[in-house]
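S.K.: Quick one: this structure, given as structure tokens, is what I'll be asking you about.
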Amino acid sequence: MAMPMDFDGMRTDDASLRTDNVDDYRRTCMDFIEDISHDYEAWVDYYKLPEDEDKRRRVGICATITRTNDWIAKVAQSIKAVDVVMNDGIQKMAEATAGKPLEIGVFVNHKSGYTETSPGVIDVNVKGAGREGRKMKLGFHFKDDRFRIESTCDAYLDEENLPDKEFDILDIHLKLHAENAKPRDVISFTVTLSEVENDVEIDRRGVSTIVHLV
């Protein structure tokens, strides 16, 4: 039994179809984030990790609850936006639970994790370094899907001319297209990097970022 490195689904109940009251739905989803966090904490229990790593993963889960629910309360302005923020939080909890052994950073406006910028073509800077001299390359989030992305607007990550090579130190720029976005829109996306040795993937990790358009 192993914890998936990335959360590949979204919340599957139909609560959002049973209400058109954003405030009620915020409360429902904030409670859901609290509830599902216990499932991820149970996975950490199962791993029986060294004390410092156990603490690091629990701190990551706890921090995600706080930040996600803060964004649900203060940033999300529609039921769709609440869904985007909530699913981003679930993704981040999965990443914290699985651990972060690789040095990976994903930056929008020099910030990571929870970011903000203006509508348009958004620069996404992705950095990564492998362990013990291993190389890094841009991976796939799930099967044939290079990225995970969910938004309240027609946002997408440009997949043309993406680098397929391996890097000793990875430092690349992606284009997040959000020309049709409006202030208060939100975009959540996950970039996955693979650690490679002799053309064999040793490990991979996804890093999720949420963007508030201002």
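S.K.: Can you give me the three principal axis dimensions of region 37-129 from its C-alpha atoms, in Å, biggest first?
M.R.: The Cα atoms of region 37-129 stretch 45, 34, 14 Å along their principal axes.
S.K.: Here's something else I'd like to know. Each residue of region 130-143 in order: what ³J(HN,Hα) in whole Hz does its phi give by Karplus 6.51 cos²θ - 1.76 cosθ + 1.60, θ = phi - 60°, with x for Gly and Pro?
M.R.: Rounded to whole hertz, the list is x, 9, 6, x, 6, 9, 10, 8, 5, x, 10, 5, 7, 6.
S.K.: Of all accessible surface on the chain at a 1.4 Å probe, what whole percent is carbon and sulfur? Let's see the in-between values first.
M.R.: Details: 5240 of 11120 Å².
The computed percentage sits at 47.
S.K.: DSSP loop (so not H, G, I, E, B), at most 11 other Cβ within 10 Å: list which trypsin sites (Lys or Arg not before Pro) in region 154-199 pass both filters.
M.R.: 165
S.K.: Taking θ = phi - 60°, what integer Hz values does the Karplus form 6.51 cos²θ - 1.76 cosθ + 1.60 yield along region 74-88, in sequence order, with x for Gly and Pro?
M.R.: 10, 9, 5, 10, 8, 4, 4, 5, 4, 4, 4, 5, 4, 5, 4
S.K.: Could you work out the helix-only [θ] at 222 nm for the chain, with each DSSP H run of four or more residues adding -39,500 (n - 2.57) and the total divided by the number of residues, to the nearest 500 deg cm²/dmol? If you can, show how the numbers build up before the last one.
M.R.: Numbers: 3 runs with 70 residues, N = 214.
Per the formula, -11500 deg cm²/dmol.
S.K.: Loop only by DSSP, 16 or fewer other Cβ within 10 Å of the Cβ. Give me the GluC sites (Glu not before Pro) in region 115-166 that pass, ordered by residue number.
M.R.: Working: sites: 116, 132, 150, 159, 160, 166; in loops: 132, 159, 160, 166.
Passing both the DSSP loop test and the Cβ count: 132, 159, 160.
S.K.: Okay, next question. For region 102-213, how big is Rg over Rh, using alpha carbon atoms and the Kirkwood form of Rh?
M.R.: Taking Rh as the inverse mean 1/r over Cα pairs, Rg/Rh reads 0.98.
S.K.: Something else now. When the Cα centres of region 152-214 and region 79-151 are compared, how far apart do they sit, in Å?
M.R.: So the two Cα centres are separated by 6 Å.
S.K.: According to the Kirkwood expression over distinct Cα-Cα pairs, how big is the hydrodynamic radius of the chain, in Å? Numbers along the way, then the final one.
M.R.: On the way: mean 1/r = 0.0561 Å⁻¹.
Result for the chain stands at 17.8 Å.
S.K.: Right, here's the next one. Hey, which lysines would be in cross-link range of residue 135, C-alpha to C-alpha under 25 Å, not counting anything within fewer than 8 residues on its own chain?
M.R.: Within reach: 92, 100, 111, 127, 143, 165, 175.
S.K.: Between residue 46 and residue 77, what length comes free when the chain is fully extended (0.36 nm per residue of separation minus the Cα-Cα distance, one decimal in nm)? Intermediate values should be presented prior to the final figure.
M.R.: On the way: separation 31, 0.36 × 31 = 11.16 nm, distance 3.73 nm.
Difference between extended and current length: 7.4 nm.
S.K.: Per residue, how much accessible surface does the chain expose to a 1.4 Å probe? Answer in Å², no decimals. All intermediate terms of the calculation are to be shown ahead of the outcome.
M.R.: Numbers: 11120 Å² over 214 residues.
So the chain comes to 52 Å² accessible per residue, rounded to a whole number.
The values are calculated or read from the model by the stated rules, or taken from the named source; none is laboratory data. These numbers were taken from a predicted model, which means no experiment stands behind them. Don't worry about glycine lacking a Cβ; one is built from the backbone with ideal geometry, like all the others, and counts go over all protein chains shown. Keep in mind that these areas ignore ligands, DNA and RNA; they rest on the heavy atoms of the full protein, side chains included. Shrake-Rupley method; radii C 1.70, N 1.55, O 1.52, S 1.80 Å.
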